[in-house]
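J.: To start, I am sharing the structure in question, which I have written as structure tokens.
The values are calculated or read from the model by the stated rules, or taken from the named source; none is laboratory data. If you're wondering where the values come from, they're calculated on a predicted model, not measured in any experiment. No Cβ is skipped: glycine too gets one built from the backbone with ideal geometry, and neighbour counts run over all protein chains shown. Only protein heavy atoms, including side chains, enter the accessible area calculation; ligands, DNA and RNA are left aside. Shrake-Rupley method; radii C 1.70, N 1.55, O 1.52, S 1.80 Å.
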Amino acid sequence: MQAMPILTLQAAGDLLKALEDFLEKSEANFCLIIDRGGNLISQQGQIPEGADASIVGALAAGSFAATRELALRIGEPEFSALFQQGANFSILINAVDEDVILVTAFTTQTTVGLVRFYSARAVKRIANLLADLRANPPEVEPLFTERDLASAGNRIFG
Amino acid sequence: MSIINYANKEIQFKIVFYGPALCGKTTNLAYIHTQVHDTHKGELVSLATAADRTLFFDFLPLNAVVIQGFKTKFQLYTVPGQVLYNATRQLVLRSVDGVVFVADSQWEKMEENIESFQNLQDNLARQGTTLDHVPYVLQYNKRDMPNVAPAHYLEFILNNRKTRVPSFEAVATSGQGVFNTLNTISRLLLRKFAREMEQQAANKGHRGTESASARTALSGIAAATIRR
């Protein structure tokens with residue numbers, strides 16, 4: 001598994017734009033880019049009130065990982081997408097690359113076909129952005145030093 | 001594998017609570033969830049069986065201190081301890097930044113503790129890493145039980161690698177030792193992160209510009225604590 005590159009303002013903006021375009025065309029409600037460990041990388045759209053993106057991400061990553069294990073058991077390297085259909089909300093999960101997945105939630109106001117079609121394009125765009133970022137990692141100064149950490153006190157959690 | 005996002009000005013870390021079945025991993029997260037202020041925690045999600053045994057994982061997202069303008073976020077996970085769920089443990093360990101190994105202090109659990117600790121090392125190896133590269137701490141839980149092994153014995157059987165790590169006696173049901181454990185692993189992660197970034201910057205000769213402007217704009221923000 002590759003380390004996730006630092007998301008500079010430019011890179012984060014590019015990912016958000018890709019998600020925004022995807023939502024606009026697919027008419028989906030919200031989408032998340034997460035790594036396969038469940039860490040949230042980027043999000044766009046209206047998450048239902050009371051929902052927590054980090055929890056949705058963690059559960060989606062777990063669900064997709066379990067599905068991948070199922071695929072392996074029947075001789076498939078991976079299912080490239082996972083669709084969960086609900087009465088009101090549905091979720092489509094796409095593999096972006098070896099490390100990252102795209103989670104899209106949508107209602108009956110759109111169709112799974114439309115979301116699938118545009119998600120395939122979005123996946124390519126996101127994969128290219130991440131590949132560029134990995135190929136040309138930004139050079140940054142330390143966000144903080146051990147001295148800064150000392151000034152924050154011994155108790156991280158009170 | 002920490003995630004650094006300049007747009008949100010946040011850094012995320014993943015901590016996994018590992019250990020044998022019924023050692024108290026979920027109890028640790030449940031106690032933390034009761035003590036952290038609402039504004040600094042998400043929902044505690046448990047994917048458990050009808051008998052309250054962890055089936056997939058427990059998950060608790062926490063916001064912690066702000067350092068140099070960057071929010072630090074910690075995602076706490078537990079793994080299912082039962083032996084047959086090893087594939088699930090491998091999935092949950094993916095992208096892990098730090099580990100809390102929770103041992104059951106009761107004498108009859110020593111073999112399970114050792115097996116689980118070995119299983120942790122095996123599963124990390126499958127990901128191409130080792131405990132030499134993943135910060136971890138040990139928690140000797142259930143110290144309130146009548147038949148516990150002495151702490152020095154647990155040290156002997158578990159904290160015997162070349163570099164010894166911090167260890168804590170705990171009673172997770174009452175909270176004893178829980179936040180000491182959490183604060184220590186979190187601090188180890190932040191220190192490792194700071195060291196690695198300083199090392200990378202030194203290697204590159206401090207040619208970056210983005211962080212410099214971000215730090216100038218955001219310096220001086222006080223650290224925040226989140227516990228009630």
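J.: Inside region B:185-201, can you point out the residues that are modelled with pLDDT of 80 or more and open to solvent by 60 Å² or more (accessible area, probe 1.4 Å)?
T.: Within region B:185-201, B:Arg191, B:Lys192, B:Arg195, B:Glu196, B:Glu198, B:Gln199 qualify.
J.: From the set of residues in region B:1-55 that are part of a loop (DSSP other than H, G, I, E, B), among the charged types (D, E, K, R) and without any contact (Cβ under 8 Å) to a residue 60 or more places away in the chain, which is farthest from B:Ser95 (Cα to Cα)?
T.: B:Asp52
J.: What number goes with the only condition from (1) within 21 Å of A:Ile6 (Cα to Cα); (2) touching a Pro at 6+ places or on another chain (Cβ under 9 Å); (3) among the acidic types (Asp, Glu) that B:Glu10 does not pass?
T.: Going through (1) within 21 Å of A:Ile6 (Cα to Cα); (2) touching a Pro at 6+ places or on another chain (Cβ under 9 Å); (3) among the acidic types (Asp, Glu) one by one, B:Glu10 breaks only (2).
J.: Of everything in region B:140-180, what is assigned to a loop (DSSP other than H, G, I, E, B) and either modelled with pLDDT under 95 or open to solvent by 70 Å² or more (accessible area, probe 1.4 Å) (or both)? Give them in sequence order.
T.: B:Asp144, B:Met145, B:Pro146, B:Asn160, B:Arg161, B:Lys162, B:Thr163, B:Arg164, B:Thr173, B:Ser174
J.: Taking the stated definitions as given, is A:Phe79 free of Cβ contacts under 8 Å to residues at least 24 places away in the same chain, surrounded by 13 or more Cβ atoms within 10 Å (Cβ to Cβ) and not small (Gly, Ala, Ser)?
T.: Spelling it out, A:Phe79 is indeed free of Cβ contacts under 8 Å to residues at least 24 places away in the same chain, surrounded by 13 or more Cβ atoms within 10 Å (Cβ to Cβ) and not small (Gly, Ala, Ser).
J.: If you check A:Leu32, A:Leu23, which single one turns out to be at pLDDT 95 or above, part of a helix (DSSP H, G or I) and out of contact with any Asp or Glu (no Cβ under 8 Å at 6 or more places or on another chain)?
T.: The unique qualifying residue is A:Leu23.
J.: What is the number of the single condition among (1) open to solvent by less than 40 Å² (accessible area, probe 1.4 Å); (2) in a helix (DSSP H, G or I) that B:Val137 does not meet?
T.: For B:Val137, the failing item is (2).
J.: While we're on this one: Is it the case that region A:87-108 has a residue that's under 22 Å from B:Ser95 (Cα atoms), over 19 Å from the mean Cα position of the chain (by Cα), more than 14 Å from every other protein chain (Cβ to nearest Cβ) and open to solvent by 20 Å² or more (accessible area, probe 1.4 Å)?
T.: No, every residue in region A:87-108 fails to be under 22 Å from B:Ser95 (Cα atoms), over 19 Å from the mean Cα position of the chain (by Cα), more than 14 Å from every other protein chain (Cβ to nearest Cβ) and open to solvent by 20 Å² or more (accessible area, probe 1.4 Å).
J.: Right, another one. State all residues of region B:60-91 that are open to solvent by less than 20 Å² (accessible area, probe 1.4 Å), away from chain A (no Cβ under 11 Å) and free of Cβ contacts under 8 Å to residues at least 60 places away in the same chain; if no residue qualifies, say none.
T.: Scanning region B:60-91 gives a single hit, B:Pro80.
J.: In region B:31-58, which residues are crowded, with 20+ Cβ neighbours inside 10 Å, modelled with pLDDT of 95 or more and farther than 30 Å from A:Thr145 by Cβ?
T.: The answer is B:Tyr31, and nothing else.
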